[in-house]
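Notes to accompany the following structure.
The values are calculated or read from the model by the stated rules, or taken from the named source; none is laboratory data. Small disclaimer: the values here were computed from a predicted structure and weren't measured. Please note: Cβ atoms are built from the backbone with ideal geometry, for glycine as well, and neighbour counts cover all protein chains shown. Side chains are part of the model used for accessible areas, which takes the heavy atoms of the whole protein and leaves out ligands, DNA and RNA. Shrake-Rupley method; radii C 1.70, N 1.55, O 1.52, S 1.80 Å.
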Amino acid sequence: MAEYSSTEFLFPESVKGWFLSMSTAMIGGNIKDMARLYDKDFAALTANYFKQSPWPEPEAVAPLVFEDPTFLTLYTQIYYRHMFSKLQPTIEFKQASWDNYVAIFEGILDSSLELEALPSQWLFDIVGEFVYQYQSFCQYRAKASKADDVGSMWTTKAVLSYLQRLVQFSNIKAVLATPDADVAVPSESVKELGYFALICLSRAHVLFGDYFTALAVLKPIDFTKRDQLHHKSYSCNVSVYYHMGFAQLMLGDVAEAIRSFAKIILQVHRNRAYYSKFADYDQVNKLTEKALALLMLATHLCPGFTVEDQIHALLREKLADKQAAIAKGDVGVLSDVFSFSAPKFILPGVVAESEDVSKEAAALQLKLFLQLVERHAALPSLRSYVKLYRSIDVAKLARFRDVPEAACRAQLMAFKLHADALQSDVHFFVAGDLVKVDEQKREQRTGQYFMTQIAKLQRVVDSCASSE
């Protein structure tokens, strides 16, 4: 499977040290050392020695780790993760990675593979990479010709089954339902793995375009609490808000989608120095940029929704030209932004016969999004006119907007229907042929204003201190 054998590979001393240190930390249950070795040292060694080549095969490093089967099984997962991220794995490697995942999950489920203590980031990467490789295989399968033998690996049924079984085995739903109770779990690591499996199961349904199920899967998690387990993994924290926000957007719950996107955008932006220390920062940053683009689309569909000043600043800095084009009704730019920022959708049960059908899933979701845009198309114009008046005739409003009176009335009813979901800053009702606008209360945001100014002042102080 590789161009070298275990006897020919000369390990650099730093690589040998990594295997010895990780094995020792795993045996001793030292999560802090494992987290450092996994998050930082592995990335540094990859940059120095394995940018364009795979890490040593598990069989080659077995003598260094005392033939520890648990370590070798888990290292194999890292080995294939690196290969999928840096190289072009063959169908044989896809099969081998699938077999290793089966060994990991079956070992956990029958308690033959004991996860005594693993860093939270590694636990999330196990199931996160599992869904990513499944997604990658579905895209490959949709392009495969009749001559390609894709076998029975990475089937949708098997992937969802393993995620659901991990959720059930971990008893995580009972833990989340009664957080103050002493609920029995196989181990703390398995509990966390089940939590992350729940999040990745939701992510898989987003990739299918099944947004209702994706949000239903996340219902046991109370996202208003700061002590939830997704905060223990920086990439999980970003991923769950991105996919949840996207599902909310596609279901028309635009205001909640904006909140989900804004939460993670601000968190990553304000903590760039912290996030940049981790190996996956580039991926986290890319996902945050996609969330910002989706937030821009959501604010276009939800005129008048109030967002943080920092969000407005980021939109002006990075997406001002696209935002202006979309505001003018440029559907081409809107489609391009959606295609860039949306997840890579998959067809879960399709094998190509004679043509590449891998793009059909993305085309369908774009079509559905454009239909959502069309339903909201009249809202920005209606809102801008209604805000100017305390009352206005429907006929006059229709003339201003150059639409038939019946169409204007229908758009007003649609606006009224969506007003609560969009949390519009305009409230009105139609009495006969007259649109009457309610008096609005201005929301006091004094605390938020001062917090923003304090943060700006601190940056000025830090800048002055560094220049001295």
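Assorted remarks:
- The stretch 368-387, subset part of a helix (DSSP H, G or I) and touching a Lys or Arg at 6+ places or on another chain (Cβ under 9 Å), residue farthest from F246 (Cα to Cα): Y385
- Against the numbered list (1) open to solvent by 10 Å² or more (accessible area, probe 1.4 Å); (2) modelled with pLDDT under 90, R259 comes up short only at (2).
- Against the numbered list (1) part of a helix (DSSP H, G or I); (2) open to solvent by less than 20 Å² (accessible area, probe 1.4 Å), L118 comes up short only at (1).
- The condition of being over 25 Å from the mean Cα position of the chain (by Cα) and at pLDDT 95 or above holds for only one of L109, L123, that being L109.
- Of all residues in the stretch 388-418, exactly one satisfies the criterion of being of a type in the set (D, E) and part of a helix (DSSP H, G or I), namely E405.
- Whichever residue in the stretch 222-281 is among the β-branched types (V, I, T) and assigned to a helix (DSSP H, G or I) and, among such residues, is nearest to H376 (Cα to Cα): V254
- Screening R259 with (1) farther than 15 Å from A313 by Cα; (2) in contact (Cβ under 8 Å) with a residue 40 or more places away in the chain gives one miss only, at (2).
Table: residues versus (1) open to solvent by 50 Å² or more (accessible area, probe 1.4 Å); (2) farther than 19 Å from F428 by Cα; (3) touching a residue at least 12 places away in the same chain (Cβ under 8 Å); (4) in contact with a helix residue (DSSP H, G or I) (Cβ under 6 Å, 6 or more places away or on another chain).
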{"position": "L368", "(1), (2), (3), (4)": "yes, yes, yes, no"}
{"position": "Q371", "(1), (2), (3), (4)": "yes, yes, no, no"}
{"position": "K387", "(1), (2), (3), (4)": "yes, no, yes, no"}
{"position": "L397", "(1), (2), (3), (4)": "no, no, yes, yes"}
{"position": "E405", "(1), (2), (3), (4)": "yes, no, no, yes"}
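- Hits in the stretch 265-310 - residues which are β-branched (V, I, T) and open to solvent by less than 60 Å² (accessible area, probe 1.4 Å): I265, V268, V284, T288, T299, V307
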